[in-house]
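Step one of this worksheet: look at the structure below.
The values are calculated or read from the model by the stated rules, or taken from the named source; none is laboratory data. This structure is a prediction, so every number in the text was calculated from the model and none was measured. Here the Cβ is made from the backbone with ideal geometry for all residues, glycine too, and neighbour counts use every protein chain on show. Keep in mind that these areas ignore ligands, DNA and RNA; they rest on the heavy atoms of the full protein, side chains included. Shrake-Rupley method; radii C 1.70, N 1.55, O 1.52, S 1.80 Å.
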Amino acid sequence: MQIRDYILRRLIVLPFLIVGVSIIVFGLTRIGGSPVAIYLSHEMSSEEVAEIEARFHLDEPVPVQYAYWARGVLQGDLGWSGVAAAPVTAVFPNKLAATMELAVASAVVAVSLGIGLGTYAGARRNKLPDHITRIISISGAAMPLFWFAIVMLIVFWVYLGWFPIGRSTPEVFASISHPTGLYTVDALLAGSFTAFRDAIWHLVLPALTLGYGATAIIARMMRSSLVEELQEEYVDAARAKGLAERLVLRRHARRNALMPTVTVIGLSFGFLLQGTIVAEIIFRWPGLGRWMADSVLRGDRATIMAYVLFTSVLFLVVNLVVDVVYAYLDRRVVLGS
């Protein structure tokens, strides 16, 4: 099957998967009872409570509530956020931009370091660099993210004062316009080196912290795959032709070793999105993660549904991209067979 046909088929199936996920999550959010509490105050009478339930259709059966919610989504209405005291669609874009900026920066850290360390260790199997990389990988996968984030915060912000927390310096952030909501991109568009440096400076701590866990997993997968590929006959043939070991590694072994690693990278992006909740709370990053954590604690179901809907779509798209990249790297793969 051609890649174009495969993508079209997956895009046709995508809405059905999203509907299935949304039904499951919507049902789970109703297990704890009606979400009306997030909209109430202590001074409200029973009549006012009944009016709010009727306004948001919370007095209807759960399937009917889902139908109203789904119709609202199709019309661009994701509901009212009790935490933000505003429509979800009014708050979501800015929060999303902050979270995506952090997740992409963490992914860049994880992929570049993971592939680099994995290649370096795999090419030096059972030697000192391999053992050092193994220690780094195991520690990165074993350390709880919240604990590692607190350690990084104490060392580099409290003691050394090298890096700030938060997303920006307020006066620098306010000095440029924000057409995309991505601080780094907006700084480049505005031609402000001061704002760009401020954006990168604030990204360093949370991106390194979040990316380190994923780096460990990618490095281990890359190292194992490369060790297997270096033992294949085609690598011996390349060496027998007189190619330098460096070229054998770059042109032959590493390309094939990337195939299973690409799958891990795709799954790791989901891990990074989940990890942003912890990183944003500890580093005071004003993204979806902090908003989501507050929403869970206060029972803001509209915000929870919007977050799950977005992450579901993003995860499905990332997996589609991974499948296409996998087929590009290995021509033997027949998509959709």
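Here are some notes:
- Among the protein heavy atoms of segment 123-252, carbon and sulfur supply 64% of the accessible surface, probe 1.4 Å, non-protein parts ignored.
- For LEU272, the accessible area of its heavy atoms, probed at 1.4 Å with every protein chain present, is near 0 square angstrom.
- GNM result for the chain, Cα springs below 10 Å: residue of ILE132, ILE31, ILE304 fluctuating most strongly: ILE31
- In loop segments of segment 48-140 as defined by DSSP, the trypsin sites (Lys or Arg not before Pro) with at most 12 further C-beta atoms inside 10 Å of their C-beta are LYS127.
- The length gained on full extension between SER192 and ARG239, counted as 0.36 nm times the residue separation minus their Cα-Cα distance, comes to 11.9 nm.
- Farthest towards the positive end of the charge dipole of segment 241-337, among the residues LEU288, PHE310, ILE265, is the Cα of ILE265, using unit charges on the Cβ of Lys, Arg, Asp and Glu.
- In a reduced charge model with +1 at each Lys and Arg Cβ and -1 at each Asp and Glu Cβ, the chain shows a dipole moment near 1740 debye about its Cα centre.
- Potential extension, ARG9-ARG55 segment - 0.36 nm per residue separation minus Cα distance: 12.6 nm
- Residue-level accessible surface for TRP162, protein heavy atoms, 1.4 Å, Å²: 140
- The amide H of SER81, built 1.01 Å from its N in the peptide plane, has ALA86, VAL88 as neighbours under 5 Å, considering only residues 5 or more places off or on other chains.
- The dipole here belongs to segment 1-144: it is taken about the Cα centre, uses +1 on the Cβ of Lys and Arg and -1 on the Cβ of Asp and Glu, and is about 1380 debye.
- With 0.36 nm allotted per residue and the present C-alpha distance subtracted, the ALA85-SER46 stretch has 11.9 nm of extension available.
- LEU247 versus ASN126: modelled label distance in nm, points set 7 Å from Cα along the beta carbon direction: 2.9
- Rolling a 1.4 Å probe over the protein heavy atoms gives segment 29-111 an accessible area of 54 Å² per residue.
- For the chain, complete DSSP H runs whose alpha carbons reach 30 Å or more along their own long axis and whose mean Kyte-Doolittle score is 1.0 or higher are 3-29, 88-122, 254-282, 301-329.
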